[in-house]
1. Yes or no: Leu49 surrounded by 13 or more Cβ atoms within 10 Å (Cβ to Cβ) and either in a helix (DSSP H, G or I) or not β-branched (Val, Ile, Thr) (or both)?
2. Does Thr72 satisfy being more than 24 Å from the chain's Cα centre (by Cα), assigned to a helix (DSSP H, G or I) and among the β-branched types (Val, Ile, Thr)?
3. Please specify each residue of the range 14-40 satisfying the condition of being over 17 Å from the mean Cα position of the chain (by Cα) and not hydroxyl-bearing (Ser, Thr, Tyr).
4. Checking Thr83 against (1) hydroxyl-bearing (Ser, Thr, Tyr); (2) surrounded by 10 or more Cβ atoms within 10 Å (Cβ to Cβ); (3) not in a helix (DSSP H, G or I), which single condition isn't satisfied?
5. Sort out which residues of the range 53-72 are within 18 Å of Val34 (Cβ to Cβ) and modelled with pLDDT of 90 or more, and write them in order of number.
6. Working only within the range 57-69, note down all residues that are over 19 Å from the mean Cα position of the chain (by Cα) and either surrounded by 11 or more Cβ atoms within 10 Å (Cβ to Cβ) or on the phi > 0 side of the Ramachandran plot (or both).
7. Based on this model, can you work out whether Val39 counts as out of contact with any Pro (no Cβ under 6 Å at 6 or more places or on another chain), in a helix (DSSP H, G or I), surrounded by 11 or more Cβ atoms within 10 Å (Cβ to Cβ) and not acidic (Asp, Glu)?
Amino acid sequence: MNPWRTLRLIITYLEKIMATLDDIKAAVTAETTVEQSVVALLQTLSADLKAAIASNDPAAMQAVVDQIDANTKALSDAVTANTPAAPATGP
């Protein structure tokens, strides 16, 4: 086998591996950003709920519950939209 051809094949495979690693790094970064956003959301909701309870204000408590419900739906919709369908199983 021609050594230059072999070297070119190795370089081609390495380039593919590096592209795959870059894709994985980007996905991990995006996932980390989403996780941090969810944590911030939960911290905000917790603080809002504590404030509503401390003020003994039923309307404020209901507003927090409504916000939790809205955020739960948005998060659920996003997960559903971005989850690939299960592969079909054959007979």
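The values are calculated or read from the model by the stated rules, or taken from the named source; none is laboratory data. Because the structure is predicted, anything quoted here is derived from the model rather than measured. Because the Cβ atoms are built from the backbone with ideal geometry, glycine has one as well, and the counts that use them run over all protein chains shown.
1. Judged against the criteria, Leu49 is a match.
2. no
3. Leu14, Glu15, Lys16, Ile17, Met18, Ala19, Leu21, Asp22, listed by residue number.
4. (2)
5. Result: Ala70, single match.
6. Asp57, Ala60, Met61, Gln62, Ala63, Val64, Val65, Gln67
7. Against the criterion (out of contact with any Pro (no Cβ under 6 Å at 6 or more places or on another chain), in a helix (DSSP H, G or I), surrounded by 11 or more Cβ atoms within 10 Å (Cβ to Cβ) and not acidic (Asp, Glu)), Val39 does not qualify.
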